[in-house]
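Each remark here refers to the structure printed beneath this line.
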Amino acid sequence: MGTSARKAILAGLGLMAFAVTAQAAPDAGEASGPFLGGFLKETRIVYPLQLGEWEAVGEQLYDAVELGASVRYQSGDSLDRWIDVYFYPVGVVPGSHLQQAALATLQDIESNVGRPGGYVDAELGELRRFQVGRVDDKAEAIPALSADMRLVREEGDYHSAVTLLIDRLYYVKGRYSVAAGAMDRSAVRGALEAFIAELVSGTYIGSTGSCWSPAPVEAPPAGAAVPAESRLSITSEGGNGRLYPGCVGAEPHNPDVPEGHREIRFEYRAPGDVRGDGSRRLLPPRAGLG
């Protein structure tokens, strides 16, 4: 998916798709500052280089940091088919944003019909729901959306599919296209859903910034005994709204990168941060929560 598609998603949502909403957690009002460079300061994504017959053959970080990065996987010697996976920040948003972003994606694909270099015709299927599990059986399944389509270019017809989900403060999007004669549409969609499910379960996504909102320290009365299980003043559980899924702390971290994996590093600066040449970034301010 091109840059225009991702920008359409961001512009199509009233909160620019990566604004964080206060309704997402009961204590959301405790955080403040910009989203990128404040709520999220750094992110580390560790992804597998090989999944079955699919092998990562390319990685791209986009100049506009809000567009994140993409990884291309190729299937063996089949140079005519590949899967592109995109990671870009979204923060803490209502579940309805997933539907809106997926619809914006399909609308952008359809808008390329008749454009130079675009499609001659496009037949888009309806959005379908599926779920992605995690390696940790205790974690809840991740809701995801997919759609299949038939795309007609001057050089031929293609069957394609797109998937989208929100995982650990990031959008994860997949796109798979093959010649129409090689696979039917439903098979392309099913293959992409299975690939994304395996990818997410084997991928680490951890971020630091003000998404880390530790519990307030309450001093016990003088002379009072403190149970051992209560001596830690900072909680690590996300259920109480103080540590969002995917946020691992306030300080930079370096996760393990096992053999057969590769790390993507995002470092975000707040709007107005001074650059190395003394100039300032002229970007509109965004609230981290709200």
Checklist entry - Around G76, with a cut-off of 11 angstrom between Cβ atoms, what is the net charge of the other residues, counting Lys and Arg +1 and Asp and Glu -1? => result -2
Item to check | Local net charge near V188, Cβ-Cβ under 12 Å (Lys/Arg +1, Asp/Glu -1) | outcome: +2
Checklist entry - Near the amide H of Y119, under 5 Å away, which other amide H atoms are found, from residues 5 or more places off or on another chain, if H is placed in the peptide plane? => result V113, G114
Checklist entry - Using θ = phi - 60° and the Karplus curve 6.51 cos²θ - 1.76 cosθ + 1.60, what whole-Hz ³J(HN,Hα) does each residue of the range 34-48 get, with Gly and Pro shown as x? => result x, 5, 8, x, x, 4, 10, 10, 9, 9, 10, 10, 10, 10, x
Item to check | Packing rank of 33-45, 108-120, where each peptide gets the mean count of other beta carbons within 10 Å, highest leading | outcome: 33-45, 108-120
Next on the checklist: With just the Cα atoms defining each centre, how far is the range 102-136 from the range 139-187? Give it in Å.
Outcome noted: 7 Å
Checklist entry - G33's amide H: which non-local residues (gap 5+, or another chain) put their own amide H closer than 5 Å, with H modeled 1.01 Å from N in plane and none for Pro or chain starts? => result G288, L289
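We did not get these values from a lab; they are worked out from the coordinates using the rules stated. Just so you know, these numbers come straight off a predicted model, no measurement behind them. A quick note on method: Cβ atoms are made from the backbone with ideal geometry, for glycine too, and the neighbour counts reach across all protein chains shown.
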